[in-house]
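A.B. asks: Just passing along the structure, written as structure tokens.
Bear in mind these aren't lab numbers, they're just calculated from the coordinates by the rules spelled out. Only a predicted model underlies this, so the values are computations on that prediction, with no experimental measurement involved. Note that each Cβ is placed from the backbone with ideal geometry, even for glycine, and that neighbours are counted across all protein chains shown.
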Ligand SMILES: [Zn+2]
């Protein structure tokens, strides 16, 4: 080594210059490397776009097993499949398939953990109701009724090249939340969730007509980063008439289209609670399903040319917003903080 140094001594000034250049570059890049850490600590402004999901970063930190490790494996659940068969699964296997099916695995680890706890809470709430919804089963695999479910093989097909990475993330979400649920007055809650809002969730009472204290409206930080956050749905006046009178034959659409919509009432979150169309009053949810809207957060207008709905968000807007959970996780919030934010007054703990 020393001999080489001696031999190369004529190039020393060049090497010093190169070293200086590298140091300069490092100093220039240093603030950029530190920036994500700093951003995580800042308070949300509501205007700042959420950082994109970082799939691998949280996985570099060591896993912290749940205080009630092994609980999921020791509990069983009866799952009604689409073909009418009832399958008995460990809670661990069931929740793996629900998390894989219900939330993009590219999401932040803390969001996936919040999703796992919500899914566990939801199915234990249903199980406590002992077949009220499905005789002979605790839950079904239909997302419009209970929760979606994918087998590991189905999930791997959807994930493609990321399958190994995403499966490891879901394993970790289960390990770190094993047996944990959201409790209100010591009981698992009806932990409903949905995709995204326009910036605020809704009270259960304004959407479903039932007051549920832990399902109260809260601000939700998602926005432009949500795919299909704002959508426009258009009908010709003829198609609209056919569809609406098919469901409500008593509707009077003989007046000019400009007068079809009346009294569109929105809650504080912007979700339509009631709207009158052609003299027929219906709920935002009824309008949503009849016209195939992604959410009941909409405004509408009719002219001689077209009937148009402008829609924001996706889902019923009650409980936990999945994109909101991901945005909160991106701001450094833990799964407990996310769950306690969306489910008012709950405690995240093992089953009593
Ligand atoms: Zn069901």
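A.B. asks: Between residue 231 and residue 276, what is the label-to-label distance in nm when each label sits 7 Å out along the Cα-to-Cβ direction?
C.D. replies: Simple spin-label model gives 2.9 nm for this pair.
A.B. asks: Tell me, what is the percent relative contact order of the stretch 193-317, built from C-alpha pairs under 8 Å that lie six or more residues apart?
C.D. replies: Reported relative contact order: 32 percent.
A.B. asks: Between residue 337 and residue 299, what FRET efficiency follows from the Cβ-Cβ distance if R0 is 35 Å, with the result rounded to 0.05?
C.D. replies: 0.60
A.B. asks: Which order do the peptides 230-237, 265-272, 104-111 take when ranked by the mean count of other beta-carbon atoms within 10 Å per residue, highest first?
C.D. replies: Output ranking for 230-237, 265-272, 104-111: 104-111, 265-272, 230-237.
A.B. asks: Less than 14 Å from a label point 7 Å out along the Cα-to-Cβ axis of residue 347: which backbone N atoms in the stretch 189-205 qualify, by residue?
C.D. replies: Inside the label zone: 189.
A.B. asks: What ranking, highest mean first, results for peptides 290-298, 248-256 when packing means the other Cβ atoms within 10 Å averaged over each residue?
C.D. replies: 290-298, 248-256
A.B. asks: Continuing with this model, one more query. Once you have a ≥ b ≥ c as the square roots of the Cα gyration tensor eigenvalues for the stretch 173-287, tell me rounded if a/c is under 1.5, and otherwise prolate or oblate according to whether a/b is larger than b/c.
C.D. replies: prolate
A.B. asks: Still on this model: Could the peptides 274-282, 166-174 be put in order, highest first, of the mean number of other beta-carbon atoms found within 10 Å of their residues?
C.D. replies: Order by mean packing, descending: 166-174, 274-282.
A.B. asks: What does the extension gain come out to for residue 308 and residue 61, with contour length at 0.36 nm per residue minus their alpha carbon separation?
C.D. replies: Computed gain between residue 308 and residue 61 is 84.1 nm.
A.B. asks: If you stretched the chain out fully between residue 68 and residue 219, how much longer would it get, using 0.36 nm times the residue separation minus the C-alpha to C-alpha distance?
C.D. replies: 51.2 nm
A.B. asks: Let me ask you something else. If you take the beta carbon distance between residue 143 and residue 263 as r and set R0 to 30 Å, what does 1/(1 + (r/R0)^6) give as a FRET efficiency, to the nearest 0.05?
C.D. replies: Step by step, r from the Cβ atoms, then E = 0.40.
A.B. asks: If I model a spin label at residue 247 and residue 86 as a point 7 Å from the Cα along the Cα→Cβ vector, what separation in nanometres do I get?
C.D. replies: For residue 247 paired with residue 86, the spin-label model returns 3.4 nm.
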